[in-house]
Each structure stands twice: as C-alpha cells, then as structure tokens.
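Here the structure comes first, spelled out in structure tokens, and everything after it is commentary.
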Amino acid sequence: MTLQGPAKRLTIVVGENDTWHGRPLYTEIVHRAHAAGMAGASVFRGIEGYGASNHIHTTRILSLSEDLPVAVVIVDRAEAVARFVDEVAPLVSEGLITLADVEVVRYVGRGSSGSVAS
C-alpha cells in the first residue's frame, strides 16, 4: 500500500482496563483496523492522565496505577478512516475519539523499496 499526501489521523483514547468481549478494547480496535485493511495502527500507553470522569490515573508509586490512558492512533486516507470510525465508535463507551487532518510525508515498511540499508 502506498500512502502519501493528505490523510486523516484517528486517535481513540480509552482506559487500559476497558474490554470488549473479554479482550482489551485497544486490542480489539487494532485487530479490526487490520481486518479492515487500514494502513497501520499503533497503541501508546500513557503514564498519567484524566478525562471526562475527572479522575487522575498515574503510574507514580504513591498513587494507584490502574486504568492508565491508552491511545490507539491510525492514519489512512480520509474515506477509509471515515468508514472505520463508524465501525469502532460504538465500541467506545467511555473515552475520546478525535479526527485530524495530517500530511503523510513517508510511509515505508520493512523490506519495501526506498528503505535505508544498515
């Protein structure tokens, strides 16, 4: 797949303890993105944060390190992201879903032409 130029970034922020039918919600989202043929998906675990519930979650030793924020980030063509967000939005009962316009400068996988040799 080639991806360059205007695109959309979908960011879904949920709690790491959120689940969908017994599996982590972020895992469900990544697997659905893969099955939908999205260009890629990455999951980032936050070390501290709060959201609509206004409860701070942190990894600091003196605080409870439960249900830290997790962000799933997906970048693809606008039409692909629009279809995918309609599929996954119902899975997010608590969290944040954002869309942003982005410009893809480079999108190259391992073993693809144009990769830098080491």
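The values are calculated or read from the model by the stated rules, or taken from the named source; none is laboratory data. The structure presented is a predicted model; accordingly, all values stated were derived computationally and were not measured. In this analysis, Cβ positions are derived from the backbone assuming ideal geometry, glycine residues included, and neighbour counts consider all displayed protein chains.
Pick from the stretch 68-97 the residues that are surrounded by 15 or more Cβ atoms within 10 Å (Cβ to Cβ) and in a loop (DSSP other than H, G, I, E, B): which of them is modelled with the lowest pLDDT?
Of everything passing the filter in the stretch 68-97, L68 is modelled with the lowest pLDDT.
Within the stretch 9-17, is there a residue that is among the basic types (K, R) and closer than 20 Å to E94 by Cβ?
No, the stretch 9-17 contains no residue that is among the basic types (K, R) and closer than 20 Å to E94 by Cβ.
Find the residue count for the stretch 21-67, including only residues that are modelled with pLDDT of 80 or more, among the small types (G, A, S) and either in a loop (DSSP other than H, G, I, E, B) or farther than 17 Å from T98 by Cα (or both).
Final tally of qualifying residues: 7.
May I ask you to list the residues in the stretch 22-56 that are hydroxyl-bearing (S, T, Y) and under 20 Å from R83 (Cα atoms)? It would help to see each step written out before you state the result.
Kept after step one, since they are hydroxyl-bearing (S, T, Y), are these residues of the stretch 22-56: 26-27, 42, 50, 53.
Residues satisfying the conditions are Y26, T27, S42.
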